[in-house]
Structures are given as C-alpha cells and as structure tokens.
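As structure tokens, the structure follows; a few thoughts come after it.
The values are calculated or read from the model by the stated rules, or taken from the named source; none is laboratory data. Remember, it's a predicted structure, so these values are computed and weren't measured experimentally. Note that we place each Cβ from the backbone using ideal geometry, even for glycine, and neighbour counts take in every protein chain shown. Accessible surface is based on the protein model in full, side chains and every heavy atom, while ligands, DNA and RNA are left aside. Shrake-Rupley method; radii C 1.70, N 1.55, O 1.52, S 1.80 Å.
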Amino acid sequence: MISLNIEKTFGFISKESVSAYEAQVKAAQEALENGTGKGNDFLGWLHLPSSISKEHLADLKATAQVLRDNCEVVIVAGIGGSYLGARAVIEALSNSFTWLQEKKTAPVMIYAGHNIGEDYLYELTEFLKDKKFGVINISKSGTTTETALAFRLLKKQCEDQRGKEMAKKVIVAVTDAKKGAARVTADKEGYKSFIIPDNVGGRFSVLTPVGLLPIAVAGFDIEQLVSGAANMEKACGADVPFAENPAAIYAATRNELYKNGKKIEILVNFCPKLHYVSEWWKQLYGESEGKDNKGIFPAAVDFSTDLHSMGQWIQEGERTIFETVISVDKVNHKLEVPSDEANLDGLNFLAGKRVDEVNKMAELGTQLAHVDGGVPNMRIVIPELSEYSIGQLLYFFEKACGISGYLLGVNPFNQPGVEAYKKNMFALLNKPGYEEESKAIQARL
C-alpha cells in the first residue's frame with residue numbers, strides 16, 4: 001500500500017492547521033460523492049476503478065493482442081490526457097533499453113499527435129517506412145489540431161504500406177460514443193473502437209481505454225493496474241476518517257502550504273522511470289487548479305540528475321516552494337558497486353553496497369538538506385514499480401486533486417484557458433469560420 005508522510009512540513013505549518021481542514025475536506029468529499037460541486041458532469045473517474053468489468057478488460061486485451069500479433073511498432077496518437085497517462089505507466093514499467101534490443105516481446109510504443117514539430121513527424125514517417133505499424137488514435141472530438149494532423153499522416157502511410165484491409169485491423173479509435181470526426185471516421189472505415197466516457201475528462205482518463213489499451217499493447221497487466229486503483233479508491237473513500245485518508249491529508253497539506261506562501265510544488269523522484277508520471281501529474285494539477293488567478297504551480301525534477309542543475313535554486317532560491325517526493329521502496333533488480341584496486345575515484349568505501357542503497361542515502365540526504373534550507377517536504381512511498389502500485393498512485397493523485405480543487409474554490413474539472421491559444425492559431429491560419437478573428441489579429445500584428 002502506498003503511504004504518505006507529512007512530518008517534514010511541520011515547522012513550516014502545524015499539524016493542527018492541517019487537522020483543521022477536516023470539515024472542509026468532508027464537505028469536498030461529499031460534493032464529489034453527491035455531484036453537488038462545480039464540474040459535477042465530469043465525475044466519472046471517481047468510482048471508475050471499482051466499476052470496470054472483467055468483460056471490458058477482456059475486450060481491451062483481445063484488441064491489444066491483435067496489435068501485438070500484427071505490429072512491430074504501435075503509435076499512440078494523442079495529446080495531454082489522451083497520451084500522458086498511458087506513457088506514464090508504460091515508461092514506469094518498461095525496461096529502459098528494450099526498444100534498442102533486437103528481440104522484442106512487445107511492439108515498440110511511439111507517441112505522436114502531441115506536438116506540431118515538422119522534423120519530428122518527418123523523422124517518424126521515415127522511421128516507419130519499413131515497419132509493420134499500427135495506430136491507436138485517441139481523441140474525443142477528432143479535431144484537436146496536433147492529433148488530427150498526425151493521424152492524417154499516419155492513416156495514409158499505414159494504408160499505403162499495409163493495404164486498406166490490414167490498416168483496418170491495426171488502426172484502433174478511442175473516441176466519443178456518438179459524435180465527432182474520429183467517431184465518424186472509425187464507423188466509416190470499420191475500425192475497432194473504444195469509448196471515452198462523456199463524464200471523464202482527459203486528464204482523469206488513464207483508467208479508461210485511453211490509457212488501458214496502449215498499456216495492454218505494451219504488455220502490462222491492466223487487471224493489476226485497475227485492482228491497485230480500486231484498492232486506493234477504498235482507502236481514499238468518503239467514509240475513511242480524515243486522519244487515515246492519504247488523499248485528504250495530501251490535499252489539505254498542500255492547500256495549507258499554499259496559504260502560507262508556498263506557491264510552487266515540485267514533484268521529485270529518485271527513479272528515472274517515473275519521469276512521465278511527473279509529466280502526467282503536472283497536467284492533472286496544473287489544468288485542474290490553475291484558474292481564477294490562483295493555484296499552486298506544478299513543477300517536477302528527476303533526482304539526483306537535477307540536483308546538478310536545479311539543486312542550487314531549490315536549496316537557496318526564493319522560499320516559495322515545497323517538495324513532494326515519490327520514493328520507491330523496493331527496486332526490481334540487484335546491482336552491487338565493485339571494488340577497484342586503484343580506487344582513483346575514491347569509491348571503494350561503497351564496494352559491495354547495492355546501488356539502490358547509495359540512491360536511498362542521496363534521497364535522505366537531499367530531503368534533510370532541503371528541509372534545513374527552508375523547503376517543506378512531503379514523502380509518498382510506493383512499495384515497488386508494479387502495475388498494482390502504479391494503479392494506486394494514479395488514483396491517489398486523482399482523488400486528492402478533486403478534493404484539493406474544491407478546497408481551493410475552483411472548478412477542478414474544466415479548462416477554459418486551454419482554448420485561448422487555439423482561437424489565435426486558427427485565426428492566424430485563416431481557418432474557415434474565423435474570418436473576423438483573422439482580421440482582428442492581423443490588425444494587432
């Protein structure tokens with residue numbers, strides 16, 4: 001079971017000030033449960049883990065097997081919540097170097113539709129020229145520019161290289177049940193498709209087919225992932241007392257730190273495989289809380305790498321930050337530091353020690369130094385990098401985000417600010433229907 005320790009925030013805030021949130025947290029929990037808060041039409045994630053059926057998982061696994069059997073490479077086309085959850089889980093659980101090895105047990109997973117980089121897309125299409133590839137196209141509307149543009153290129157290339165019939169087999173749509181361009185295309189072309197529920201927003205969608213299908217294609221156990229999340233759903237339930245509820249305590253602590261001038265939360269890991277978990281977390285909290293001119297700014301660092309770049313600022317910069325450290329209790333492999341006769345690097349004092357012990361001491365030493373330097377620290381311990389533990393972690397952050405947004409007084413389930421750049425981009429590109437905006441923006445320029 002994952003655990004949360006907030007002891008190293010005390011001295012910056014008090015235990016009593018966190019406990020004082022109990023009534024507010026209860027109200028936030030009730031608003032989530034009863035659907036009486038802001039954004040209540042997007043609460044489908046709340047009891048999603050416990051409601052996923054075995055039949056649904058079997059359908060996803062069967063489709064994943066078709067892609068595994070017929071593809072050397074599978075491209076996940078999506079942006080934001082349509083790809084970050086899947087990538088977070090896949091990269092946390094994958095061997096860091098599998099994709100470089102000759103013999104592969106699963107297709108190589110590649111991501112597209114999350115940028116408009118011409119060189120990136122050109123290099124991708126070149127790489128795919130001699131590959132048997134498939135595509136998972138993830139888009140509720142089918143008109144998100146970045147994803148639609150990438151899918152247009154990939155669909156044509158897949159049909160040209162593999163023929164229309166095989167393309168039908170290896171292109172899967174994850175989209176709206178009834179409406180939108182991606183739904184129309186899937187029905188017209190005869191693609192296998194899965195539904196993004198109307199009441200689940202993108203950043204909360206990792207346990208829908210948006211995340212589960214790519215994760216299954218990559219060869220990971222989606223039943224265990226869902227089981228871990230369902231376990232955390234219980235542990236963070238509205239009936240769990242405040243003092244025993246990790247999501248409630250995390251939400252309360254971060255809001256109390258924010259109230260006391262800590263405007264930036266840095267998510268820290270000491271395990272490079274968690275890099276994309278941090279990227280997923282940044283969207284979850286940034287898009288949920290950053291509105292109405294308020295909200296904690298979510299940042300992330302990979303330690304100990306970034307101790308040699310961002311470490312100075314964190315240790316001695318402006319004291320507007322706090323850290324939340326994800327610590328992995330048990331690593332999956334064993335590697336000991338060898339002895340060296342010359343000992344020119346002076347590391348013989350470590351000979352015979354596990355590399356993970358060195359890493360854990362770096363973690364502990366860093367935490368102590370940062371707390372001494374005026375940075376409050378929270379610590380989340382996950383037992384290991386497994387599907388079950390990652391499932392727990394994802395749901396923990398989701399539930400805490402819903403509570404935290406309500407404590408902050410915002411709607412954690414909308415994202416009105418995301419549309420601003422799109423309107424300008426469409427006006428600058430002279431998209432039909434944007435004639436007035438085009439004139440106005442040209443006048444500004």
Test result for Ala369, surrounded by fewer than 19 Cβ atoms within 10 Å (Cβ to Cβ), out of contact with any Pro (no Cβ under 6 Å at 6 or more places or on another chain) and part of a helix (DSSP H, G or I): yes
In the range 180-190, the residues that are open to solvent by 20 Å² or more (accessible area, probe 1.4 Å), touching a residue at least 24 places away in the same chain (Cβ under 8 Å) and of a type outside the set (A, V, I, L, M): Gly180, Thr185
Within the range 108-141, considering residues that are open to solvent by 20 Å² or more (accessible area, probe 1.4 Å) and among the small types (Gly, Ala, Ser), the one farthest from Gly190 (Cα to Cα): Gly117
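For the range 64-95, name all the residues that are under 18 Å from the mean Cα position of the chain (by Cα) and of a type in the set (S, T, N, Q).
Correct list: Ser82, Ser94.
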Cβ pairs under 9 Å, 6+ apart, first in the range 201-226 and closer than 30 Å to Pro416 by Cα, second part of a loop (DSSP other than H, G, I, E, B) and acidic (Asp, Glu): Ile215/Asp221
Helices (runs of 4 or more DSSP H) completely within the range 16-87 that count 3 or more residues being open to solvent by 10 Å² or more (accessible area, probe 1.4 Å) and free of Cβ contacts under 8 Å to residues at least 12 places away in the same chain: 54-70
Out of Thr105, Thr144, sole residue that is at pLDDT below 95, open to solvent by 30 Å² or more (accessible area, probe 1.4 Å), over 27 Å from Gln392 (Cα atoms) and hydroxyl-bearing (Ser, Thr, Tyr): Thr144
Per-region count, the range 319-375, residues of a type in the set (Gly, Ala, Ser), in contact (Cβ under 8 Å) with a residue 24 or more places away in the chain and more than 17 Å from Asp306 (Cβ to Cβ): 1
Residue that is under 30 Å from Ile321 (Cα atoms) and small (Gly, Ala, Ser), where the choices are Gly346, Gly365, Gly352: Gly365
Residue identified as under 30 Å from Glu316 (Cα atoms) and among the small types (Gly, Ala, Ser) among Ala427, Ala369, Ala351: Ala369
Only listed residue being in contact with a helix residue (DSSP H, G or I) (Cβ under 9 Å, 6 or more places away or on another chain), farther than 14 Å from Ile403 by Cβ, of a type in the set (Gly, Ala, Ser) and open to solvent by less than 40 Å² (accessible area, probe 1.4 Å), chosen from Gly295, Gly290, Gly261: Gly295
Where a residue in the range 155-173 is closer than 18 Å to Asp59 by Cβ and assigned to a helix (DSSP H, G or I) and its partner, wherever it lies, is among the aliphatic types (A, V, I, L, M) and open to solvent by 50 Å² or more (accessible area, probe 1.4 Å), with Cβ under 8 Å and at least six apart: Lys169/Val66; Val170/Val66
Failed item, numbered, when Glu316 is tested on (1) buried (at least 16 other Cβ atoms within 10 Å of the Cβ); (2) touching a residue at least 40 places away in the same chain (Cβ under 8 Å); (3) of a type in the set (D, E, K, R): (1)
Selection count where residues are of a type in the set (Ser, Thr, Tyr) and open to solvent by less than 50 Å² (accessible area, probe 1.4 Å), scope the range 1-15: 2
Filter result for Met378 (touching a residue at least 12 places away in the same chain (Cβ under 8 Å), under 28 Å from the mean Cα position of the chain (by Cα) and either at negative phi or part of a helix (DSSP H, G or I) (or both)): yes
